[in-house]
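What follows is calculated from the coordinates using simple rules that are stated; it is not laboratory data. Since we're looking at a predicted model, the values are computed, not measured. When we count neighbours, we look across all protein chains shown, and the Cβ atoms used for this are built from the backbone with ideal geometry, even at glycine.
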Amino acid sequence: MDLSNLKPAKGSVKNNKRVGRGQGSGRGGTSTRGHKGAQSRSGYSRKIGFEGGQMPLHRRVPKFGFKNINRVDYRGVNVDLIQKLAEEKNLTAIDPLVLIENGLAGKNDLIKILGRGELNVKLEVTAHAFTKKAKEAIESLGGSAIKL
């Protein structure tokens, strides 16, 4: 084998349809474009989303409001869940890894500690954000709320 006898795989190369090369070719005349209308003319290009005159999808489906592209989406974990977790596993420190291992958050989630429930043990809680009530609950028992 050398460069002089290389060929593409059989069936991988297809010849283009040669249109507009005279009547004898079978593709002369209108050159497979049909008769008249914008689509038969040179330079025609269909609008993006054009559906043959049917109301296009982007106009049929209603849209309203707006999506804030700068929104930071947190996975909320309440204080009562942290209390339950600390009791079950005998923990003194709670961080995102502990929450991920116990199925309370995903590995790509930003975690925010929320204030629902009571806390009875001193804990060192590490998370991306805290509500005011949650921070007070943690620090009232001498624990610490560390923001990542």
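Most exposed first by the Cβ proxy, i.e. fewest other Cβ within 10 Å, how do 66, 50, 130 rank?
Numbers: 66 6, 50 10, 130 22.
Exposure proxy ranking, most exposed first: 66, 50, 130.
Taking neighbour Cβ counts within 10 Å as the exposure measure, how do 48, 111 sort from fewest upward?
Numbers: 48 7, 111 23.
Fewest-to-most ranking of 48, 111: 48, 111.
Spin-label point model (7 Å from Cα, Cβ direction): what's the residue 21 to residue 146 distance in nm?
7.5
Can you list the lysines whose alpha carbon is less than 28 Å from that of residue 7, not counting same-chain residues fewer than 8 positions off?
Once the sequence-local lysines are set aside, what remains near residue 7 is 17.
Can you show me the helix-derived [θ] at 222 nm for the chain, built from DSSP H runs with n ≥ 4 at -39,500 (n - 2.57) apiece and divided by the number of residues, rounded to the nearest 500.
Calculated at 222 nm, the ellipticity per residue is -5500 deg cm²/dmol.
Calculate the all-directions average of the projected area of segment 74-147's alpha-carbon convex hull, and give it in nm².
That works out to 4.0 nm².
Using a 10 Å cut-off around each Cβ, can you sort 99, 85 from fewest to most neighbouring Cβ atoms?
Arranged by neighbour count, lowest to highest, 99, 85 become 85, 99.
How many Lys pairs in segment 74-147 lie less than 15 angstrom apart by Cα atoms, where the lysines are 8 or more positions apart or on different chains?
10
Out of every Cα pair in the chain, what percent are spaced more than 29 Å from each other? Intermediate results must be reported in sequence, preceding the final value.
Working: 6395 of 10878 pairs.
That tail contains 59 percent of the Cα-Cα pairs.
What FRET efficiency, computed as 1/(1 + (r/R0)^6) with R0 = 22 Å and r the Cβ-Cβ distance, is obtained for residue 139 and residue 102, rounded to the nearest 0.05?
The pair residue 139/residue 102 has a calculated efficiency of 0.45.
For the chain, with the dipole built from +1 on Lys and Arg beta-carbon atoms and -1 on Asp and Glu ones, taken about the Cα centre, which of 137, 69, 38 lies farthest toward the positive end?
Of the candidates, 38 comes out farthest on the positive side.
Between residue 31 and residue 121, how many nm apart are label points set 7 Å from Cα along the C-beta direction?
Using points 7 Å along Cα→Cβ, the separation is 8.0 nm.
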